[in-house]
1. So is D135 among the acidic types (D, E), touching a Phe, Trp or Tyr at 6+ places or on another chain (Cβ under 6 Å) and either at pLDDT below 85 or buried (at least 17 other Cβ atoms within 10 Å of the Cβ) (or both) or not?
2. Mind listing just one residue for me: the one in the range 183-200 that is of a type in the set (K, R) and touching a Ser or Thr at 6+ places or on another chain (Cβ under 8 Å) and, of those, modelled with the highest pLDDT?
3. Which number in (1) assigned to a strand (DSSP E or B); (2) farther than 23 Å from K239 by Cα; (3) under 20 Å from the mean Cα position of the chain (by Cα) marks the one condition that Q88 misses?
4. Checking the condition without any contact (Cβ under 8 Å) to a residue 60 or more places away in the chain, farther than 24 Å from K59 by Cβ and touching a strand residue (DSSP E or B) at 6+ places or on another chain (Cβ under 8 Å), which residue from G271, G229, G166 passes?
5. Could you list, in sequence order, all residues of the range 71-89 that are small (G, A, S) and within 22 Å of G271 (Cα to Cα)?
6. Tell me which residues, restricted to the range 57-95, are touching a strand residue (DSSP E or B) at 6+ places or on another chain (Cβ under 7 Å), closer than 25 Å to Q246 by Cα and modelled with pLDDT under 90.
7. Given (1) out of contact with any Gly (no Cβ under 9 Å at 6 or more places or on another chain); (2) under 21 Å from K218 (Cα atoms); (3) aliphatic (A, V, I, L, M), where does L85 come up short, assuming only one miss?
8. What number goes with the only condition from (1) touching a residue at least 40 places away in the same chain (Cβ under 8 Å); (2) under 27 Å from R69 (Cα atoms); (3) more than 14 Å from the chain's Cα centre (by Cα) that M238 does not pass?
Amino acid sequence: MKLWRKSIWLGVCSTFLLAIGLVPVYPLAGKEILEKVKATRTWENEVAQVSFLMINKDKKTRLRHVLRRRKHYAGKDGLDTKTLLVFQYPPKYHNYAYLSWSYRTSGQRDLKWVYNPNDTFYFKPIRRLVYDQRDNFLGFWLEGNDFTYEELTERPVDADSYTLLGEEVYNLKPCYLIESISRDKQDNAPARRIFWIWKDKWLSLKVDFYDSEGKLRKTLYNHWAQVQGFWTLRQSLMKNHKTQHQTIMRVDKVEYNTESSDIYFTPSLLGNVR
């Protein structure tokens with residue numbers, strides 16, 4: 001009986017101390033926060049019209065339009081997401097296509113294919129890319145945009161190590177401040193990133209990218225809105241602090257869970273599906 005009363009008394013005391021703030025409440029770890037960020041992508045498939053506006057330091061601009069299809073696989077066969085980009089503008093790149101299969105774990109390299117209807121050198125319109133070629137092709141088709149492949153896709157959470165640096169208000173929103181450092185020194189990801197993660201919504205509002213020498217290289221600013229009940233990245237601004245170049249990526253139109261056929265993500269059919 002005494003033991004039973006003592007347990008009740010300890011429970012009441014703990015509840016009281018927690019309520020008045022004398023018992024510390026430990027925050028989530030950095031990795032847990034990034035896992036929650038990834039978990040906000042609850043849609044199964046997406047079809048979107050995406051534009052890239054590149055602006056150089058002299059304010060000269062270039063515009064690109066692509067059709068983007070994505071499908072989440074939630075770990076089936078180890079897959080995370082399949083993404084298809086079909087280039088629509090400018091006319092010289094019309095119907096070029098870029099397909100990627102991304103995996104859940106960092107140990108599995110993403111698979112990449114390109115479709116070039118005007119390939120007269122290799123005589124192979126559909127080609128598989130090796131790992132180091134992926135940024136080269138996106139950079140060629142998007143002609144100097146400030147997003148690399150690593151920054152346009154969702155990296156596996158376990159590809160990086162994380163540290164919770166604290167909390168900070170950004171753009172009137174309470175945020176977690178997370179440091180991310182790549183575990184693989186050979187990959188193409190920035191050496192160090194700092195995220196501003198909107199608390200409770202688990203959305204990335206701002207990211208600073210640092211090079212291997214610790215210098216701030218680029219900053220990403222994200223704008224989110226709800227579409228069909230899903231939080232959607234409607235616009236991203238990437239600023240390159242070294243070149244004074246910037247790229248605005250805008251989602252002009254998006255629909256979720258309308259088509260889920262795997263045929264759109266079949267490498268051998270890249271020249272036929274749109």
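1. Yes; evaluated as a whole, the condition is true for this residue.
2. Ranking the qualifying residues of the range 183-200, first place goes to R193.
3. (3)
4. Step by step, each of G271, G229, G166 is checked, and only G166 is without any contact (Cβ under 8 Å) to a residue 60 or more places away in the chain, farther than 24 Å from K59 by Cβ and touching a strand residue (DSSP E or B) at 6+ places or on another chain (Cβ under 8 Å).
5. Selection gives nothing.
6. Y93, H94
7. (2)
8. (3)
The values are calculated or read from the model by the stated rules, or taken from the named source; none is laboratory data. The shown structure was predicted, so the numbers you read here are calculated from the model rather than taken from an experiment. Positions of Cβ are generated from backbone atoms using ideal geometry, with glycine treated the same way; all protein chains shown enter the neighbour counts.
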